Structures are given as C-alpha cells and as structure tokens.
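J.: Supplied in structure tokens, the structure appears directly below.
The values are calculated or read from the model by the stated rules, or taken from the named source; none is laboratory data. None of these values were measured; they are calculated from a predicted model. Don't worry about glycine lacking a Cβ; one is built from the backbone with ideal geometry, like all the others, and counts go over all protein chains shown. Accessible surface areas use protein heavy atoms only, side chains included; no ligands, DNA or RNA. Shrake-Rupley method; radii C 1.70, N 1.55, O 1.52, S 1.80 Å.
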Amino acid sequence: EAEVAQSPRYKITEKSQAVAFWCDPISGHATLYWYRQILGQGPELLVQFQDESVVDDSQLPKDRFSAERLKGVDSTLKIQPAELGDSAMYLCASSLARYSSYNEQFFGPGTRLTVL
Amino acid sequence: AQSVSQHNHHVILSEAASLELGCNYSYGGTVNLFWYVQYPGQHLQLLLKYFSGDPLVKGIKGFEAEFIKSKFSFNLRKPSVQWSDTAEYFCAVRGSQGNLIFGKGTKLSVKP
C-alpha cells in the first residue's frame with residue numbers, strides 16, 4: 001500500500017540551529033500539506049501546495065520557516081533558526097485532489113522535533 | 001474562521017462499553033467532516049467522512065458518526081469498544097482551501 005514518507009523520524013537540535021524535514025507524498029497526489037502538531041493539540045496547517053504552487057501559507061511563520069516543492073513531487077520544510085517553541089511533531093499529508101470526494105488526506109509518520 | 005471543538009480530553013472505558021465522542025464545528029454552511037484515529041506509534045488514518053447524503057455515516061472497524069446540522073455536531077460512536085480501540089481520535093472539518101481543521105483530540109483508553 002502506498003504511503004507518505006517522511007524523514008527524519010526524530011530530530012534533536014539546539015536553538016538557533018537550522019533543521020530541515022523531507023516529505024515524499026503518494027505518487028500522483030497533487031496536493032501536499034505540512035501540519036504542525038504540538039503535544040496535546042490537533043494538527044494545524046502550516047503550508048499547502050497544489051503541485052509546485054503554494055495555495056496557503058498564511059500560518060507559516062515566514063521569518064524562520066520556509067517550504068518548497070520544486071518539481072511538484074517531494075517537499076522540504078526548513079526552520080532557521082529553530083526556537084524552543086518549535087518543538088512539535090511535523091506531519092506531511094497528501095491527497096489526490098483538493099476538492100472532491102477523493103479528498104481523503106493520507107498522513108505520513110511525522111518528524112518529531114525537539115529543540116533544546 | 002472555522003473551528004472544531006472536542007469536548008472530552010480523555011475517556012476511559014472498559015471493554016464492551018459503548019462509546020460516544022463529541023465533536024462540534026463552527027461553520028454554518030456546507031461542511032465536510034472527518035474523524036481520524038491515531039493508534040499508538042502509528043500514522044493518522046481516516047475512520048470515516050461525511051460529505052453529503054445520509055447523515056449517519058459508517059466507517060471502518062465498526063465506528064459510525066451522525067451529522068446533526070441543527071446542533072453543528074458530528075459525534076463518533078461505537079456500540080462496543082475493544083482494547084485495540086485505544087488511540088487518540090480527532091474530529092476535523094474541511095477548510096476553504098481543502099485543508100483540514102482539527103479539534104484538539106480525545107484520548108481513548110480501553111481497559112481489558
């Protein structure tokens with residue numbers, strides 16, 4: 001069964017360092033999402049791509065976070081510099097299309113970031 | 001902005017007990033609603049979804065949810081829980097861009 005791949009699974013870094021997370025969506029999925037899940041909370045959208053274009057990055061802290069999906073396939077989320085409050089699970093999800101009955105989003109295993 | 005409220009933070013049940021987890025959403029127009037489950041150490045996965053039609057939606061593993069528009073609710077139910085249902089359950093509504101807006105989640109612990 002096709003799955004969303006994410007790496008690394010765990011990342012420990014010191015504040016002010018740079019970190020990067022990678023996501024490979026299910027083949028053929030046009031829409032890719034990055035969510036952040038703080039402990040005890042539900043996931044919250046950071047950025048959404050349709051193919052290689054950003055659809056929504058209104059909740060992305062752009063002073064330190066960046067995201068790209070250059071060829072419309074895999075994606076990278078970067079934080080520079082990391083802050084203590086960035087400690088969370090970073091989830092990637094993909095879906096076949098944005099609006100349709102195929103709008104089930106498939107989630108990857110996530111990257112757990114700890115900032116010391 | 002749309003939002004989702006889940007009333008129970010942690011629910012503890014014995015096996016064979018019935019389950020109902022509350023979910024309320026804020027938006028009054030056409031909504032698409034979802035329940036996702038996260039088993040310990042596993043990915044978030046879809047339990048069931050409501051787009052239109054029959055307000056009683058059946059999902060995987062014996063779960064069902066009822067969409068009550070007048071109450072802005074989409075509660076999750078299961079008549080008899082098993083130890084293997086121990087997980088965290090998230091209610092979500094589809095946002096305007098197709099993204100999901102999640103509630104804070106309800107942790108379910110089932111005692112064998």
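J.: Could you list, in sequence order, all residues of region B:2-35 that are over 18 Å from B:K78 (Cα atoms), touching a residue at least 24 places away in the same chain (Cβ under 8 Å) and out of contact with any helix residue (DSSP H, G or I) (no Cβ under 9 Å at 6 or more places or on another chain)?
T.: Those that are over 18 Å from B:K78 (Cα atoms), touching a residue at least 24 places away in the same chain (Cβ under 8 Å) and out of contact with any helix residue (DSSP H, G or I) (no Cβ under 9 Å at 6 or more places or on another chain): B:Q2, B:S3, B:V4, B:S5, B:Y25, B:S26, B:Y27, B:N32.
J.: List the strands (runs of 3 or more DSSP E) inside region A:1-115, counting only whole elements, that have at least 2 residues being not small (G, A, S). Outline the logic, then answer.
T.: Working: elements: A:5-7, A:10-13, A:19-24, A:31-37, A:44-50, A:53-56, A:65-68, A:75-79, A:88-95, A:111-115.
Where strands (runs of 3 or more DSSP E) fall fully within region A:1-115 and carry at least 2 residues being not small (G, A, S), they are A:10-13, A:19-24, A:31-37, A:44-50, A:53-56, A:65-68, A:75-79, A:88-95, A:111-115.
J.: Taking region B:68-95 as the search range and keeping residues that are open to solvent by less than 10 Å² (accessible area, probe 1.4 Å) and in a loop (DSSP other than H, G, I, E, B), which one is farthest from the other protein chains (Cβ to nearest Cβ)?
T.: Only one residue tops the list, namely B:V81.
J.: Residue check, B:G98 against (1) part of a strand (DSSP E or B); (2) more than 19 Å from B:S5 (Cβ to Cβ), all met but one. Which one?
T.: Result: B:G98 passes all but (1).
J.: For region A:1-27, which positions are touching a strand residue (DSSP E or B) at 6+ places or on another chain (Cβ under 8 Å), within 14 Å of chain B (Cβ to nearest Cβ) and open to solvent by 100 Å² or more (accessible area, probe 1.4 Å)?
T.: A:E3, A:R9, A:Y10 - these are the residues of region A:1-27 that are touching a strand residue (DSSP E or B) at 6+ places or on another chain (Cβ under 8 Å), within 14 Å of chain B (Cβ to nearest Cβ) and open to solvent by 100 Å² or more (accessible area, probe 1.4 Å).
J.: Sticking with this one: Would you say B:Y36 is hydroxyl-bearing (S, T, Y) and part of a strand (DSSP E or B)?
T.: yes
J.: Which members of region B:24-67 meet the condition of being of a type in the set (A, V, I, L, M) and open to solvent by 50 Å² or more (accessible area, probe 1.4 Å)? Spell out how you get there, then give the answer.
T.: Just the residues of region B:24-67 that are of a type in the set (A, V, I, L, M), to begin with: B:31, B:33, B:37, B:44, B:46-48, B:56-57, B:60, B:65.
Hits for region B:24-67 are B:L56, B:I60.
J.: Further, regarding this structure: Restricting to region B:96-112, name every residue that is of a type in the set (A, V, I, L, M, F, W, C), more than 17 Å from B:G29 (Cα to Cα) and more than 7 Å from chain A (Cβ to nearest Cβ).
T.: B:L108, B:V110
J.: Sticking with this structure for a sec: Of the residues B:L21, B:L46, B:L13, B:L33, only one is of a type outside the set (G, A, S) and within 11 Å of another protein chain (Cβ to nearest Cβ); which?
T.: Criteria check complete, one pass: B:L46.
Here's the yes/no breakdown for (1) open to solvent by 50 Å² or more (accessible area, probe 1.4 Å); (2) within 10 Å of chain B (Cβ to nearest Cβ); (3) basic (K, R):
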{"residue": "A:R36", "(1), (2), (3)": "no, no, yes"}
{"residue": "A:L39", "(1), (2), (3)": "yes, no, no"}
{"residue": "A:E44", "(1), (2), (3)": "yes, yes, no"}
{"residue": "A:D56", "(1), (2), (3)": "no, yes, no"}
{"residue": "A:K62", "(1), (2), (3)": "yes, no, yes"}
{"residue": "A:L70", "(1), (2), (3)": "yes, no, no"}
{"residue": "A:T76", "(1), (2), (3)": "no, no, no"}
{"residue": "A:A88", "(1), (2), (3)": "no, no, no"}
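J.: I'm told B:W83 meets every condition in (1) at pLDDT 95 or above; (2) out of contact with any Asp or Glu (no Cβ under 9 Å at 6 or more places or on another chain) except one. Can you identify the failing condition by its number?
T.: Unmet for B:W83, out of (1) at pLDDT 95 or above; (2) out of contact with any Asp or Glu (no Cβ under 9 Å at 6 or more places or on another chain): (2).
J.: Continuing with the same structure: Exactly one of (1) surrounded by 14 or more Cβ atoms within 10 Å (Cβ to Cβ); (2) more than 14 Å from chain B (Cβ to nearest Cβ); (3) on the phi > 0 side of the Ramachandran plot is unmet by A:G110. Its number?
T.: (2) is the only condition that A:G110 fails.
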